[in-house]
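Data block below; observations after.
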Amino acid sequence: MTTVRLNSIDNAVSLDTDALVVGVHTGPDGPHPAPGAEGLDQALGGRLAATLGAMGVKGKPGEVAKVPTFGALTAPLLVVVGLGDAPGGGYEPEALRRAAGTATRALAGTERVALALPAGDARQAGAVALGGLLGAYSFTRYRTDGERTAPVTEITVLSGADGAEAAVEHAVTVAKSVSLVRDLVNTPPSDLWPARFAEIAEQAGSEAGLSVEILDEKALKEGGYGGIVAVGQGSVNPPRLVRLAYSHPEAAKTLAFVGKGITFDSGGLSLKPAASMDWMKSDMGGAGAVLGALVAIAGLSLKVNAVGYLCLAENMPSGTAQRPSDVFTSFAGKTVEVLDTDAEGRLVLIDGIARAAQDNPDVIVDIATLTGAQIVALGWRTAGVMANDDDLRAEVVETAGEQGEGAWGMPLPEELRKGLDSPVADIANLHPERFGGMLTAAIFLREFVPDGVRWAHIDMAGPAFNKGEPHGYTPKGGTGAITRTLVGLAERYAG
Ligand code: BES
Ligand code: MN
Ligand code: ZN
């Protein structure tokens with residue numbers, strides 16, 4: 001991964017680097033340089049604002065322009081990123097993350113990049129570092145034209161703020177985890193099946209100091225994990241359940257995260273149409289986020305206990321696949337009639353949730369690319385958050401907001417429960433109406449949460465995978481969405 005160092009803003013003019021990045025604000029009289037750019041503007045004869053104005057630069061978020069320095073600075077290239085209107089109060093960390101990410105993304109192929117963005121306090125310095133690192137991400141494993149896609153190798157954050165060092169270190173830990181999740185999501189399903197995912201989790205987990213337990217298909221059958229077994233039985237690549245645990249001797253609280261880890265979702269016998277299938281390698285993004293979060297929580301030595309469950313299966317059609325109308329007994333003991341094998345995420349999650357409850361956590365949060373209905377309701381960038389507890393739901397939404405991850409609270413209307421009644425089993429996995437599909441999926445999950453356990457569910461079908469153009473620090477493909485929200489939640493519950 002890209003390395004990060006810190007330097008003083010006083011050294012910016014003479015810094016030996018390939019590109020220097022500054023911020024620019026929109027203004028009634030044209031663009032004007034943001035804090036961090038003053039010394040550089042001076043070295044350029046105070047002409048930066050006028051030059052940018054003449055270039056047509058406005059200073060809007062997402063805007064980026066490259067300006068040659070003609071020897072006025074040691075860096076040959078000055079890169080300007082828009083920060084929008086100058087904030088009245090302090091800078092929103094997310095605005096800085098996005099600007100830094102826009103810059104490093106635009107500089108792919110450049111070796112050394114220095115970020116002279118507003119970083120007057122540790123929070124801002126950390127935001128600049130994190131955005132810069134996340135924007136520098138690239139997935140080149142399957143490229144034979146490596147040169148063209150070479151990532152930024154070194155980022156220098158220019159800040160003299162107290163605590164900047166710790167903030168940058170924090171950013172590096174988080175960025176490593178998000179990159180791990182993005183890599184997993186981007187990896188083609190031919191190279192990422194449940195057992196392989198479990199191996200990667202075991203390796204990353206033990207390196208981070210987590211204890212790792214893997215249940216294979218035999219252990220899952222014997223243990224009564226009927227949902228994971230049912231979904232996995234159609235594939236030649238059998239399912240796995242991975243348990244990751246982190247504990248701190250001074251922890252007062254325990255969090256449990258449960259991630260949907262469908263390494264490929266063909267729909268099973270209820271086969272998806274081709275256009276909905278080609279990106280279903282991303283259907284393990286929830287499990288990815290749980291792994292990434294646990295690794296980061298350990299890396300940050302948070303004073304909290306955290307357990308993570310990765311519910312891993314490949315959903316395939318075959319002679320051994322589950323059939324629409326099959327019934328299985330879940331880990332919680334309830335029976336489920338499978339009316340649609342494409343509603344498989346909820347089937348693996350209920351086993352993970354019921355198993356997680358045995359750890360007596362203070363809260364359970366499950367994370368899943370669960371429904372297309374989430375995308376219909378909230379679009380590509382906003383995850384839906386549902387819970388059996390209003391305070392917990394608000395807490396999850398607020399934490400996501402702090403991290404700059406889109407999330408919105410959604411209800412669990414009681415009248416939708418009846419539609420999940422099955423004539424043969426305790427419950428059916430499909431609601432006869434497709435309206436409110438994100439909510440009925442959550443209501444199905446809620447039935448498997450033991451009484452008295454606080455539970456929240458994050459549906460991130462849209463946010464997990466960026467099918468559109470890159471933006472801010474978000475690349476095309478795997479985004480690593482919600483990983484940072486889970487780390488943020490752990491920070492809230494840490495002493
Ligand atoms: N993995 C899909 C949901 C999904 C859709 C994720 C688009 C990311 C992008 C899930 O397993 C699924 O197929 N859900 C069905 C549920 C339906 C059959 C009740 C859906 O949303 O259509
Ligand atoms: Mn599906
Ligand atoms: Zn799925």
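Among the residues making up region 208-235, those that are open to solvent by 40 Å² or more (accessible area, probe 1.4 Å) and free of Cβ contacts under 8 Å to residues at least 24 places away in the same chain are Glu217, Lys218, Lys221, Glu222. Only one entry of Ser206, Ser235, Ser159, Ser190 meets the criterion of being out of contact with any Phe, Trp or Tyr (no Cβ under 6 Å at 6 or more places or on another chain), of a type in the set (S, T, N, Q) and within 16 Å of ligand 1 (Cβ to nearest atom), and that entry is Ser235. Residues in region 93-124 that are touching a strand residue (DSSP E or B) at 6+ places or on another chain (Cβ under 7 Å), in a loop (DSSP other than H, G, I, E, B) and within 11 Å of Val152 (Cβ to Cβ): Leu107, Thr110, Glu111. Screening region 343-380 for residues that are surrounded by fewer than 21 Cβ atoms within 10 Å (Cβ to Cβ) and among the charged types (D, E, K, R) and picking the one that is nearest to ligand 3 (Cβ to nearest atom) gives Asp359. Here Asp359, Asp366 are screened, and the one residue that is within 16 Å of ligand 1 (Cβ to nearest atom) and within 17 Å of Leu241 (Cα to Cα) is Asp366.
Applying the condition of being of a type in the set (A, V, I, L, M) and over 25 Å from Ile200 (Cβ atoms) to region 303-353 and asking which residue is nearest to ligand 1 (Cβ to nearest atom) yields Ala343. The number of residues in region 117-141 that are open to solvent by 10 Å² or more (accessible area, probe 1.4 Å), under 17 Å from the mean Cα position of the chain (by Cα) and not aromatic (Phe, Trp, Tyr) comes to 2. Every listed requirement among (1) surrounded by fewer than 24 Cβ atoms within 10 Å (Cβ to Cβ); (2) more than 27 Å from Asp191 (Cβ to Cβ); (3) not aromatic (Phe, Trp, Tyr) is met by Leu269 save one, (2). Of the strands (runs of 3 or more DSSP E) lying entirely inside region 273-347, none contains at least 1 residues that are more than 24 Å from Ala373 (Cα to Cα), touching a Cys at 6+ places or on another chain (Cβ under 8 Å) and outside the structural domain of Leu241 (by TED's automatic domain parsing). When Gly90 is tested against (1) part of a strand (DSSP E or B); (2) of a type outside the set (Phe, Trp, Tyr); (3) within 23 Å of His170 (Cβ to Cβ), exactly one condition is not met: (1).
Within region 369-383, being away from ligand 1 (no atom under 12 Å from the Cβ) and either among the hydroxyl-bearing types (Ser, Thr, Tyr) or in contact with a helix residue (DSSP H, G or I) (Cβ under 7 Å, 6 or more places away or on another chain) (or both) holds for one residue alone: Thr382. Looking for something open to solvent by 30 Å² or more (accessible area, probe 1.4 Å) and either in a helix (DSSP H, G or I) or of a type in the set (Phe, Trp, Tyr) (or both) - is there at least one such residue anywhere in region 443-460? Yes, region 443-460 contains at least one residue that is open to solvent by 30 Å² or more (accessible area, probe 1.4 Å) and either in a helix (DSSP H, G or I) or of a type in the set (Phe, Trp, Tyr) (or both). Where helices (runs of 4 or more DSSP H) sit wholly within region 125-219, those with at least 3 residues that are of a type in the set (A, V, I, L, M, F, W, C) and at negative phi occupy 164-186, 194-208.
For region 250-261, the criterion of being open to solvent by less than 40 Å² (accessible area, probe 1.4 Å), at pLDDT 95 or above, among the polar types (S, T, N, Q) and within 16 Å of ligand 2 (Cβ to nearest atom) is satisfied by no residue at all. So for region 432-442 (the condition being assigned to a helix (DSSP H, G or I), away from ligand 2 (no atom under 16 Å from the Cβ), in contact with a Ser or Thr (Cβ under 6 Å, 6 or more places away or on another chain) and touching a residue at least 12 places away in the same chain (Cβ under 8 Å)), does at least one residue qualify? For region 432-442, residues assigned to a helix (DSSP H, G or I), away from ligand 2 (no atom under 16 Å from the Cβ), in contact with a Ser or Thr (Cβ under 6 Å, 6 or more places away or on another chain) and touching a residue at least 12 places away in the same chain (Cβ under 8 Å): absent.
The values are calculated or read from the model by the stated rules, or taken from the named source; none is laboratory data. The shown structure was predicted, so the numbers you read here are calculated from the model rather than taken from an experiment. We place every Cβ from the backbone using ideal geometry, glycine too, and count neighbours over all the protein chains shown. Note: accessible area is taken over every heavy atom of the protein model, side chains too, but ligands, DNA and RNA are not part of it. Shrake-Rupley method; radii C 1.70, N 1.55, O 1.52, S 1.80 Å.
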